[in-house]
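Engineer: Below is one structure. I have some questions about it.
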Amino acid sequence: QVQLVESGGGLVQAGGSLRLSCAASGTIFMINDMGWYRQAPGKQRELVAVLNSGGITNTANSVKDRFTISRDNAKNTVLLQMNSLKPEDTAVYYCVATVKSLPHSAYHDYWGQGTQVTVSS
């Protein structure tokens, strides 16, 4: 089993910054993709940014110039630095990791519980 624990959400004024952190623990042989999705009230969950084990990043156009994703493979952690936050960034942010628990097992997606980010105007 794999657990993802997020931290760093909160309330910030427009133009401010927050940094989200997510740590994976449990039975982990290898993590491929690791990153963040978000879900605003009444909307579908959407990609924010994901970074794979090879260093390739997939980032939503709406945040590309403001958010930076980074990863520490040795610690199984992923960070999301969010700058120049806007009210439309308000959402629950979910960490996701695509994990192979054993050398010959398949990859599975695991999700964190989510952390609330609220940006006031």
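Please treat every number below as a calculation from the coordinates, not as lab data. In this text, all values refer to a predicted model and were calculated from it rather than measured experimentally. Note that each Cβ is placed from the backbone with ideal geometry, even for glycine, and that neighbours are counted across all protein chains shown.
Engineer: Averaged over all directions, how much area does the convex hull of the C-alpha atoms of the chain cover when projected, in nm²?
Structural biologist: Values: hull surface 28.5 nm².
Mean projected area of the Cα convex hull: 7.1 nm².
Engineer: Identify all lysines with a Cα-Cα distance to K100 below 20 Å; exclude those on the same chain that are fewer than 8 residues away in sequence.
Structural biologist: K75
Engineer: Rounded to the nearest 20 debye, what is the charge dipole size of the range 22-69 about its Cα centre when +1 sits on each Lys and Arg Cβ and -1 on each Asp and Glu Cβ? Before the final figure, lay out each step's value.
Structural biologist: Working: 5 positive and 3 negative charges, 37 e Å.
That gives a dipole near 180 debye.
Engineer: Can you list the HN-Hα couplings for the range 24-41, worked out from phi with the Karplus curve (6.51, -1.76, 1.60; θ = phi - 60°), rounded to whole Hz and with x for Gly and Pro?
Structural biologist: The phi angles translate into 9, 9, x, 7, 10, 9, 7, 10, 8, 6, 8, x, 9, 10, 9, 9, 8, x Hz.
Engineer: Something else about it: Report, in debye and to the nearest 20, how large the dipole of the chain comes out about its Cα centre when Lys and Arg carry +1 and Asp and Glu carry -1 on their Cβ. Each step should come with its number before you reach the end.
Structural biologist: On the way: 10 positive and 8 negative charges, 12 e Å.
The calculation lands at about 60 debye.
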